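Each reported figure results from applying straightforward, stated rules to the coordinates on display, with no laboratory input. Just so it is clear, the model here is predicted, and its values are computed rather than measured. Because the Cβ atoms are built from the backbone with ideal geometry, glycine has one as well, and the counts that use them run over all protein chains shown.
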Amino acid sequence: MVFSEKRVHPRVDVNWKGEVFASDGIDLLAPVQIHNISFGGLLLICDRPLVVHERYQIQLPMVKTSIEIAWKHKDRYGAMFVDQTPETTDVIQTKVNELLVESALSGSFEFPGGFF
C-alpha cells in the first residue's frame with residue numbers, strides 16, 4: 001500500500017501551550033501542547049480524551065478559534081480549523097506565514113518548488 005499525503009497546506013513545527021474548551025468556548029476541558037500548525041489545522045497533544053468529529057474551541061497564543069478533531073492516535077490529535085471568522089483566519093494565516101518564512105530562512109523548512 002502506498003501512503004498518500006492528504007495535506008493541502010504546509011505545516012510548521014511549534015512548541016506552544018494552549019487550552020481546549022467545549023464547543024461553547026466557556027468550559028475549559030484541558031491544557032494542550034500544540035505540536036504543529038498550518039492554514040488548515042494543527043496537531044495537538046492532550047492528556048484528556050477528545051472525540052473524533054467533535055468540535056471544540058482552542059486557545060492558541062494569538063487567537064481562540066473552533067476546531068474539529070479529524071483523527072487521533074494515543075494522546076495526539078489532528079484537528080481542522082472550522083467556522084472561522086475572516087479576522088481569525090487572517091490572524092492564523094499571518095502567524096503561519098511568519099513561521100514559514102522564519103523556517104525557510106533558517107533552513108529548517110523547504111518550500112515545494114522553491115521560495116525565492
What residues qualify as long-range amide H neighbours of Leu60, i.e. H under 5 Å apart, gap of 5 or more or another chain, H built at 1.01 Å from N?
Thr65
Given a Förster distance of 30 angstrom, what is the FRET efficiency for Val51 paired with Asp90, based on the Cβ-Cβ distance and rounded to 0.05?
0.55
Take Asp75 and Val101, extend 7 Å from each Cα along the Cα→Cβ direction, and tell me the distance between the two endpoints in nm.
3.5
Kindly rank 28-39, 87-98 from highest to lowest mean number of other beta carbons found within 10 Å of each residue.
28-39, 87-98
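Return the ratio Rg/(2.2 N^0.38 Å) for the stretch 12-106, where Rg is computed over Cα atoms only.
Values: Rg = 12.7 Å, N = 95, 2.2 N^0.38 = 12.4 Å.
So the Cα radius of gyration is 1.02 times the expected 2.2 N^0.38 Å.
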